[in-house]
1. Counting GluC sites (Glu not before Pro) as exposed when in a DSSP loop with at most 16 other beta carbons within 10 Å, what is the longest stretch of the chain free of them?
2. Spelling out what I want: for every residue of segment 376-385, take phi, set θ = phi - 60°, compute 6.51 cos²θ - 1.76 cosθ + 1.60 (Karplus), and round to whole Hz; glycine and proline get x.
3. Taking the simple approach of a point 7 Å from Cα along Cα-to-Cβ for both ASP175 and PHE381, what is their distance in nm?
4. Hey, can you grab everything whose amide H is under 5 Å from the amide H of THR125? Only 5+ residues off in sequence or another chain; H modelled, so Pro and N-termini drop out.
5. Starting from the Cα of ASP67, move 7 Å in the Cα-to-Cβ direction to define the label point; list residues of segment 34-49 whose amide nitrogen is under 19 Å from there.
6. What number in nm² do you get for segment 156-205 if you take the convex hull of its Cα atoms and divide its surface by four?
7. Quick query: amide H of GLU389 versus all other amide H atoms, modeled in the peptide plane; which residues come in under 5 Å with a sequence gap of 5 or more or a different chain?
8. Would you kindly derive the ³J(HN,Hα) couplings of segment 83-96 from the backbone phi angles with the Karplus curve 6.51 cos²θ - 1.76 cosθ + 1.60 (θ = phi - 60°), listing them in order in whole Hz, with x for Gly and Pro?
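What follows is calculated from the coordinates using simple rules that are stated; it is not laboratory data. Keep in mind the model is a prediction, meaning the values are calculated, not measured. Note that we place each Cβ from the backbone using ideal geometry, even for glycine, and neighbour counts take in every protein chain shown.
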Amino acid sequence: GDSSMVLQVQEEIIEMKDVFSVKLKRRRFAGQKKGGTLLGITIFTCLSKEENKLTDCAIHLNNLSEDHCQSWFRHLKEILNGFQNRPKSLKVFVNPSSHKREATHVYYEQVAPLFKLANIKTDVTVTEYEGHALSVLKECELQAFDGVVCVGGDGSVSEVAHGLLLRAQIDAGKDTDCISQPVRARIPLGVIPAGSTNILAHTLYGIKHAVTATLHIVMGHVQPVDVCTFSTPSKLLRFGFSAMFGFGARTLALAEKHRWMPSSQRKDFAFVKTLADLKPEECELSFLPLQIPQEDSHEDRITLLYLGSKDQWQKIQGHFLNVSIMAIPCLCSMAPRGLAPNTRLNNGSMALIVVQNTSRTEFIKHLKRYTSVKNQFSFPFVETYTVQEVKVQPRLKSGLDAKENTCVNAASAEGNYPWNIDGDLMKEASEVHIRVHPQLIDLYGVNTDDLETVQATCNCI
């Protein structure tokens, strides 16, 4: 540099694992796209901020020597190319209808520039209807991509995850109507939050922040995650991460009938209306308690510890206001501890949360607990189980007169029992069988269990 300049000497260490791009820095005139005076190189790094947020940072290294800059540039590029998990080509799905129709803006304004900076090639599909992403995934050449990215809400992400896993079964030659042992998805899935609740994004990143999600993808942070299969006795309904039957499903069903309303308004309306018309569902729940591998110290072998009756299904019948089955913690802004805080992303279990019939006042107290640090399950009408399989069998309501009973039978035959599966509405009349499959898909992100540990340590300090 100029010898007349007085610079304060500072030393800074940059680890290559935090670098995601390196570029030659040149001075160009307005309108000039190539060439220009070489000034040095710029290194782009990923920095961790508070509240699990990631941001990108540019560090400029000045050097006017063409030979020096080209040498450093080639060497740094070789190091970056050695990180195997980092994607070089991505299939991207953008749902323009998500939330406030902000997904397209989020992608092209915040996500695409970072992908371009990291030299990641993208093939973008802007979805035009429900099921569009699924149909594309069934046909496209997935081997050309290192990962798939979804920009949208929970429903969009669920559709893409289902499509990825369904494609894996098709490629493996499996019968997609009956899948007891599914194969893993071949490539990871990235989630860019652009919906209203963004449960999966919150669970993966601990925050709703498009740049943070993008940088996890760019850096190749991969997290294996458990997935459930939802099936009737005759067919596979879908792959998913969580489901609700009862209040949570009826609220979604009512919101879907009022699509003409703005997103937040219809959700608030549906919540209040369903709460005002609160009624239980009569059903039978069958579940298989979790099996935990344990080491047998006497015979030096692995045995199985059963939580509950050994190798036997347990059944409970009754009138339930809500039934939740969740393979992941399901964090969101309204439930910072998660809808199922006692389960994890990849421990091979599901949380079965059963809310028995109670008064509206008590039920509201239970719901309010989700927004606080208090235990939402410490009510006599709430039961929790750690399970690996669940069967939900709706029952016709008893005590009805002949005319009303006929109407209920007709409604059941039409499949009028709503299910909320990852924020997506499904209707089924028959028994639904849910199985958890450990680490069935890789998602770009980090284990939120680690984030919680770090946060707890910081709080203690």
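1. Working: sites that count: GLU11, GLU12, GLU15, GLU102, GLU128, GLU130, GLU141, GLU299, GLU414, GLU431.
By the stated rule (loop sites, at most 16 other Cβ atoms within 10 Å), 142-298.
2. Running phi through 6.51 cos²θ - 1.76 cosθ + 1.60 with θ = phi - 60° gives 6, 9, 7, 10, x, 9, 10, 10, 10, 9 Hz.
3. 4.3
4. For THR125, whose amide H was placed from the backbone, the distant partners under 5 Å are VAL92, PHE93, VAL94.
5. 38-41
6. Working: hull surface 16.4 nm².
In nm², the orientation-averaged hull projection of segment 156-205 is 4.1.
7. Placed amide hydrogens put LEU288 under 5 Å from GLU389.
8. 7, 5, 6, 6, x, 10, 8, 10, 8, 10, 10, 10, 9, x
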